[in-house]
Amino acid sequence: MNTIDHEDFEAVIGLEVHAQLLTQSKAFAPVAAQYGQAPNTQISPLCLGYPGTLPLVNENLIRYIIKMGLATNCSIAPKSIFARKNYFYPDLPKGYQISQFETPICEGGHIDIEVEGYSKCIGITRIHMEEDAGKSIHDQDPYNTLVDLNRAGTPLIEIVSEPDLRTPQEAYAYLSKIKQIVQYLEVCDGNMEEGSLRCDANVSVRLRGSEKFGTRTELKNMNSFRNVEKAIDFEIYRQIELIEAGGEVVQQTRLWDTSKMETRIMRSKEEAHDYRYFPEPDLPPIIVTNDLLDEIKEELPELAHIRQQRFIEQYQLSLVDAITLTENRYLADFFEELVLKSDQVKASVNLVLSDVLRVLNEQSIAIHNFPLSVTRLAELLNLRASDKVSSTAQQTIFNAMLEQDSSAQELAETLNLLQVSDSNYMDGLVKQVIDANPDEAARYKEGKKQLMGFFVGQVMKASKGKANPKMANELVRKYLD
Amino acid sequence: MSVSKEEVQYVAGLAKLHLSEEEISILSRDMNAILGYMELLNNLDTSDVEPLEHVIELSKTYRADKAHEPLTHEKALKNAPDADSDYFRVPKVIE
């Protein structure tokens, strides 16, 4: 009785993205919150939930979330409050998480995403502030759970989308856009693998054309962009097949299992927590004045889509190149610094888009870990621009620079790649080549100008690749034209 | 408004409390008495009153984003009922 086809269904997807803020200190306690420190070394009495401790809001928690709200077209509440979300878990010593519930500071925004040739506006329901819990380790000790509270109290923002996404690809594009925005704003490093960006997905399916939402499931534990896409894809088909087989989707939380490439149940609706939210009595309301709002608006950086447009106008880049160069803020910064230091737009574009991106891919590193400084690369471009090395030699030197710390000039010398532009030497060489090839010389003079390539090639060969080809070209013309 | 024994049991569960039948009876009686007294407030017309989240009017209650010295590792773990050299140790939590 399989009368309903997969094509008859559409998915409805909403994402909840948590971003860990790049503040110096925790949300409510004045201690550092750096990633990768020795366990339980970044703790204050507040992080331990000791009696008598009181939270005090980190100023940058407020500023960063307002930045995010403005960049995603949200309205910023002039007054909002913190709330307590109550639950027991060993990594939360206070017994509650400080969060926001009824009055998030940012509401009603939207962003545009680009998906395989079309663009779409995705609503942002809300963005609110909260603190992170500590880390529980279940697999190191056979009899106990181990707890590290370094992360407890780290500031997070949660960005909740409207259920406007329809495909796993749209979800991927939306998440990429969120990552790009937090990176441009420098409020979060956007690293999903390290957990500074986390994503849960609400997924349901319904018959195309239906207004009513189907029963949704919530997906967790997707720790990379690709996993988000794969998990949603898996879940959509699981739900469709369930319905086609006459079953019903049950509201539940499901975990993505990367090794099995499937989602499995974590808890049902009945087991869902009852958080008993109530206004946090230890923190006064957050008042956002117009002055503060104006100040933060002034601080907003140039965002990707605006920078992209500027790159097209200022550097005469193609749309594709501008998109690639502005996709990551730090790559765009790197490129602009190179242009500034080398004073060469075209060569900088080519170097970054081909060689730099290739190395980043090969070594799987981010631009801030790129082994060559902009200064060293600018020197290389200048060497090429002043015709001291050929374009092939530039490539060789670039590769050599990745291996050793010498400057481009030094490498050009030690690798014997400096072009010879000495006019006596070049003059003799060209004369020698013409004398050695009288037939070709005669044909050239009769009008077979294509032979220029042959002569320049012979000069390069005789000089073992070191002759300046431009000069060779000019000299051949001088003797034969 | 009245609180059933089931509700007392439920709230006790959320608070991780184990109560005897007798305690549940006593508590539901007490809670009903407290809530009944509070119901007196419903006699007041509060339709023109803004909700009050916090009793003291405070503004500029932020601190600068600076990290101070944390507790030493030894101090941090000192009051833990159980710990190893690095971590707090708690009974195995099974998800």
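Evaluated with a Cβ-only charge set (Lys, Arg +1; Asp, Glu -1), chain A carries a dipole of roughly 960 debye about its Cα centre, given to the nearest 20. A Cβ-based charge dipole, computed about the Cα centre of the stretch A:9-292 with Lys and Arg at +1 and Asp and Glu at -1, lands at about 240 debye. Per-residue shielding of A:89-99, expressed as the average number of other chain Cβ atoms within 10 Å of the residue Cβ, stands at 1.
Along the stretch A:273-281 the Karplus relation, 6.51 cos²θ - 1.76 cosθ + 1.60 evaluated at θ = phi - 60°, assigns HN-Hα couplings of 6, 10, 7, 6, 4, 8, x, 6, x Hz to successive residues, with x for each Gly and Pro.
Taken about its Cα centre, the stretch A:316-360 carries a charge dipole of about 80 debye when Lys and Arg each add +1 at the Cβ and Asp and Glu each add -1 at the Cβ.
Restricting the calculation to Cα atoms, chain B shows an Rg/Rh of 1.16 when the hydrodynamic-style radius is the Kirkwood one. For the stretch A:9-292, the fraction of C-alpha pairs farther apart than 35 angstrom is 18 percent. Taking the helices alone, chain A has a mean residue ellipticity at 222 nm of -12000 deg cm²/dmol, built from -39,500 (n - 2.57) per DSSP H run of at least 4 residues and averaged over all its residues. Counting, for every residue in A:32-43, the Cβ atoms of other protein chains within 10 Å of its Cβ and taking the mean gives 4. A dipole drawn for the stretch A:98-234 from +1 and -1 charges on Cβ atoms has a positive end, and of A:Asn191, A:Ile157, A:Ser224 the residue lying farthest that way is A:Ser224. Shape descriptor for the stretch A:304-414: Rg over Rh equals 0.97 (Cα atoms; Rh from the Kirkwood inverse mean 1/r). The base-10 log of I(q)/I(0) for the stretch A:367-430, evaluated at q = 0.12, 0.18, 0.29 Å⁻¹, reads -0.33, -0.63, -1.26 [Debye formula, identical scatterers on Cα atoms, solvent excluded]. One compactness figure for the stretch A:423-480 is 0.99, namely its Cα radius of gyration divided by 2.2 N^0.38 Å. For the stretch A:446-481 versus the stretch A:168-211, the spacing of their alpha-carbon centroids is 57 Å. Accessible surface for A:Glu131 stands near 10 Å², nearest 10, in the context of the full protein assembly shown (1.4 Å probe).
Start at zero, step by 5 Å, and the Cα-Cα distances of the stretch A:166-294 spread as 2, 9, 15, 16, 15, 14, 12, 9, 5, 2, 1, 0 percent across the bins.
Between A:Leu372, A:Val356, A:Thr392, whose Cα lies farthest towards the positive end of the dipole of the stretch A:304-414 when Lys and Arg beta carbons carry +1 and Asp and Glu beta carbons carry -1, centred on the Cα centre? Going by the charge dipole, the pick is A:Val356.
Listed values for the stretch A:54-68 are Karplus-derived 3J(HN,Hα) couplings in whole Hz (6.51 cos²θ - 1.76 cosθ + 1.60, θ = phi - 60°), namely 10, x, 9, 5, 5, 4, 6, 4, 5, 5, 5, 5, 5, 4, 4, and x replaces Gly and Pro.
According to the Cα-based calculation, Rg over Rh for the stretch A:360-481 is 1.13, with Rh computed by the Kirkwood formula. Residue by residue along A:78-88, Cβ atoms of other protein chains within 10 Å of the local Cβ number 1 on average. Isolated cysteines of the protein assembly as shown, defined as having no other cysteine beta carbon under 4.7 Å away, are A:Cys47, A:Cys121, A:Cys188, A:Cys199.
Size of the protein assembly as shown: Rg and Dmax of its alpha carbons, in Å, are 32.7, 118. Put simply, when B:23-29, A:202-208 are sorted by average Cβ atoms within 10 angstrom per residue, most first, you get A:202-208, B:23-29.
How charged is the neighbourhood of A:Ile113? Take every other residue with its Cβ under 15 Å from the Cβ of A:Ile113, and add Lys/Arg as +1 and Asp/Glu as -1.
Working: positive: A:Lys120, A:Arg166, A:Lys177, A:Lys179; negative: A:Asp112, A:Glu114, A:Glu116, A:Glu162, A:Asp164, A:Glu170, A:Glu229, A:Glu327.
With Lys, Arg at +1 and Asp, Glu at -1, the neighbours total -4.
Across the protein chains, with a 1.4 Å probe defining accessible surface, the residues A:Ser463, B:Ser4 rank B:Ser4, A:Ser463 from largest area downward. Taking packing as the residue-averaged number of other Cβ atoms within 10 angstrom, the listed peptides A:164-171, B:62-69 run from highest to lowest as A:164-171, B:62-69.
The values are calculated or read from the model by the stated rules, or taken from the named source; none is laboratory data. Predicted model, so just to flag it, every value in this text is computed and none were measured. Quick reminder, even Gly has a Cβ in these numbers, built from the backbone with ideal geometry, and neighbours come from all protein chains shown. The area values use the complete protein model at the heavy-atom level, side chains included, leaving out ligands, DNA and RNA. Shrake-Rupley method; radii C 1.70, N 1.55, O 1.52, S 1.80 Å.
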